[in-house]
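Written out below as C-alpha cells is the structure these notes cover.
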Amino acid sequence: MSHLRIPVSDHDHSLGPADAPITLIEYGDYQCPYCGAAFPVVKELLKKYDGKIRFIFRNFPIAEIHPEAVDAAFVAEFASEHGEFWQAHDLLYENQTDLGPQLYQRICEALGLSAADLEQAAKENKYTARIKADEDGGLRSGVNGTPTFFLNGALVEAGTAGLADAIAAEIGHLNTGG
C-alpha cells in the first residue's frame with residue numbers, strides 16, 4: 001500500500017481544523033471527469049464530518065490528456081494568492097465543462113480579481129513551481145491518476161467509491177482507540 005511521502009504543511013491548501021483526527025488529501029486535476037465526479041462526494045463528506053476532517057487539495061494536472069488542467073490550476077493558485085483558493089477551486093469544478101479563458105475571466109470577475117494580473121502571472125509562469133511541486137510529491141507518493149486520495153497518510157485503495165466507507169472506518173478505528 002502506498003503512503004503519502006510529502007507531509008501536510010502550512011503550504012498546502014487546507015479546509016477544516018489543523019488538529020482534526022482525519023486528514024484527507026486529494027491529488028486532483030480540474031479537467032479530470034473523475035475528479036469532477038468526486039467533487040460533490042468530497043463536499044458531502046466534509047459537511048457530514050465537519051470539525052472531524054481536514055481536507056487538503058494538491059494539484060496533479062495530467063496535461064497530456066487534459067489540455068486545460070494546468071491553466072485551471074494556475075487560476076486556483078492565482079486565486080490562492082488573494083485568499084480565494086477554495087472559491088476558485090469550487091467554481092472550476094462546478095463549471096468543469098467550460099474550462100478555458102472565458103471561464104477564467106468570469107472566475108476572476110466573480111472573485112474580484114484582475115484577469116490582467118492572472119494573464120501576467122501566467123506569462124511569468126509564476127505558479128509553475130508550486131504546481132510542479134504538488135505533482136512531484138504525488139509521484140513520490142505513488143499517484144498515477146486522478147483523483148487519488150490519502151486518508152491519514154494511507155492511500156485509499158477503493159478510490160472515490162470507497163471514500164465514505166474508508167472515512168467511516170477510520171473514524172470508528174479512532175473512536176475505539178485502535
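Numbers for the structure displayed
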read-out	value
Among residues of the range 1-60, those that are in contact (Cβ under 8 Å) with a residue 60 or more places away in the chain, under 17 Å from ASN144 (Cα atoms) and either of a type in the set (Asp, Glu) or part of a strand (DSSP E or B) (or both), counted	8
Residue match in the range 62-71 (condition: in contact with a Pro (Cβ under 7 Å, 6 or more places away or on another chain), surrounded by 14 or more Cβ atoms within 10 Å (Cβ to Cβ) and part of a helix (DSSP H, G or I))	yes
Search result, residues across the range 80-109 that are within 20 Å of PHE39 (Cα to Cα) and hydrophobic (A, V, I, L, M, F, W, C)	PHE85, TRP86, ALA88, LEU91, LEU92, LEU99, LEU103, ILE107
Residue list for the range 72-88, filter: surrounded by fewer than 20 Cβ atoms within 10 Å (Cβ to Cβ) and of a type in the set (Gly, Ala, Ser)	SER80, GLY83
Matching residues in the range 72-106 - criterion: being more than 17 Å from GLN31 (Cα to Cα) and either among the small types (Gly, Ala, Ser) or not in a helix (DSSP H, G or I) (or both)	ALA79, SER80, HIS82, GLY83, GLU84
Condition met for LEU91 (modelled with pLDDT of 95 or more, surrounded by 14 or more Cβ atoms within 10 Å (Cβ to Cβ) and touching a helix residue (DSSP H, G or I) at 6+ places or on another chain (Cβ under 9 Å))	yes
Residues of the range 16-42 that turn out to be in contact with a helix residue (DSSP H, G or I) (Cβ under 8 Å, 6 or more places away or on another chain) and surrounded by fewer than 17 Cβ atoms within 10 Å (Cβ to Cβ), as a count	5
Candidate set from the range 40-68 (those that are under 12 Å from the mean Cα position of the chain (by Cα) and of a type in the set (A, V, I, L, M)); member that is nearest to LYS123 (Cα to Cα)	ILE56
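The values are calculated or read from the model by the stated rules, or taken from the named source; none is laboratory data. All values derive from a computational prediction rather than experimental measurement. Every residue, glycine among them, receives a Cβ derived from its backbone with ideal geometry; neighbour counts consider all protein chains shown.
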